[in-house]
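Scroll down for the structure; my scribbles are underneath it.
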Amino acid sequence: MVGTPDVAEHAFKSGFSFRDGRFWRSSLGSHRRRSYPGKPVFVERKTDMLKKLKQTTLASLKGSGAFNLVHNSRWRRQRLLILAYHGISLDDEHDWNPAQYLSKEVFRDRLNLIARSGCTVLPLAEGVRRLYDGDLPERSIVLTFDDGTYDFYLRAYPLLKEFDYPATLYLTTFYSQYNRPVFDVACSYLLWKGRERTLDLKSLVGQEISLDLNSEQARTTAFEQIKQFSSEQKLSAPEKDELLAVIAEKLCVDYESLVSRRVLQLINPGEVKSLAADGIDVQLHTHRHRTPSDRELFLKEIADNRTSIIEMTGKSPSHFCYPSGVWSRDFLPWLSEAGIESATTCEIGLATPQSHPLLLPRLVDVSGLSPIEFEGWVTGISTALPRRR
Ligand SMILES: [Zn+2]
């Protein structure tokens, strides 16, 4: 963290020291990030302690005025915070998967905080261009949404309109065209919905296993067995959809109700078209949500995705987001070959002019991020605090 001596001095006076590009509470200066070999429960306790320490540190920094100092600094003006969202719950998805879903109330709070903080929310292409031109306005933010689930259309989009914020939707197109629940996530969600029940896998996948779905481990095992079965049997999309219906029936979950409410489904081509016509920036996320390590297959994923998006929006996309955040340096020349101008990861951080344009970091906003932690990222101060890998 170069170029913030005034902030460092301010923090020091407030009981913090600034070393190695990070803030440390003076009396706890030895709490550096390190790996903790041992039992998982110990690691968990350390993680909880780190979170508490971070929250206390952030509250003290905010109280001391350091939030404002960093937020309004030249240092922050040279950086772009790209926020990443997956879903805003239609129902209870944030209870099932808090790492990917936010409740609509929490999402509204996030937008309120961005507005209160006087941030400039930029369209992605403009944000990236101005980052490298050294021309970013104060407190710059870009909003991105991955996948293109229907909840974006129903929950996030009206709120974005209300706040008048631009946004980019990284759309994966296979399940937009085949408009049924996305198999992997819907399978995981059904197992969670049926967590009061026991699932006999024999009748489903032929394995002599019966699992009490109350435990997360059992749900993971069931999910892996079902996924392995569908892959070995090379099930088609309609066959996978039938399998989901059978699983739901066994677990007494109303599958048709989920389907009719479009839970864990993507927006259809007509909805994509209307969103794009209303200013939502639709960009690339591969056709089948995967990044093959073979060059030709990788390029085909981009080409199929691009063709679909052009058909739906009439515009040619040139910005990319790595599905599931999986990236490799091998992909970079292929992305350049495909004419990709920027690519975003799920590596946490603010983008700087030194960031590789095909490896731009983002903050994936999750339910577990407290308001003060989120504010710490909006100001930029959290880049200087220790965090979990
Ligand atoms: Zn994705």
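Nothing in this text is a laboratory measurement; each read-out follows from the coordinates by a stated rule. Model, not experiment: these values are computed from the prediction. Here Cβ is always computed from backbone atoms with ideal geometry, including for glycine, and neighbour counts include all displayed protein chains.
Is it possible to state the helix-based mean residue ellipticity at 222 nm for the chain, with each DSSP H run of 4+ residues giving -39500 (n - 2.57), the sum divided by total residues, to the nearest 500 deg cm²/dmol? What is it?
-13500 deg cm²/dmol
If you stretched the chain out fully between S257 and K62, how much longer would it get, using 0.36 nm times the residue separation minus the C-alpha to C-alpha distance?
65.6 nm
Give the Rg (one decimal place) followed by the Dmax (whole number) of the range 183-260, computed from C-alpha coordinates and expressed in Å.
11.4, 33
From the Cα gyration tensor of the range 242-389, with a ≥ b ≥ c the square roots of its eigenvalues, which class applies: rounded if a/c is under 1.5, or else prolate if a/b is larger than b/c, or else oblate?
Oblate is the answer for the range 242-389, as a/c is 1.5 or above yet b/c matches or exceeds a/b.
What does the net charge come to around L124 if you take all other residues with beta carbon closer than 14 Å to its beta carbon, with K and R at +1 and D and E at -1?
0
Can you give the Rg and Dmax of the range 166-213 based on its C-alpha atoms, in angstrom?
Using the Cα atoms of the range 166-213, the pair Rg, Dmax is 15.7, 51 Å.
So which GluC sites (Glu not before Pro) in the range 146-220 pass both tests, a DSSP loop state and at most 10 other Cβ atoms within 10 Å of the Cβ?
E196, E208
Can you tell me the FRET efficiency between R130 and D92 if r is taken as the Cβ-Cβ distance and R0 is 45 Å, rounded to the nearest 0.05?
The pair R130/D92 has a calculated efficiency of 0.70.
Hey, what's the per residue convex hull volume over the C-alpha atoms of the chain, in cubic angstrom?
Cα-based convex hull of the chain, divided per residue, equals 152 Å³.
Would you order K104, K202, K234 from fewest to most other beta-carbon atoms within 10 Å of each residue's own beta-carbon?
Going from least to most buried by this count: K234, K202, K104.
Quick check: the angle from helix 295-313's long axis to the longest principal axis of the chain, C-alpha only, nearest 10 degrees?
90
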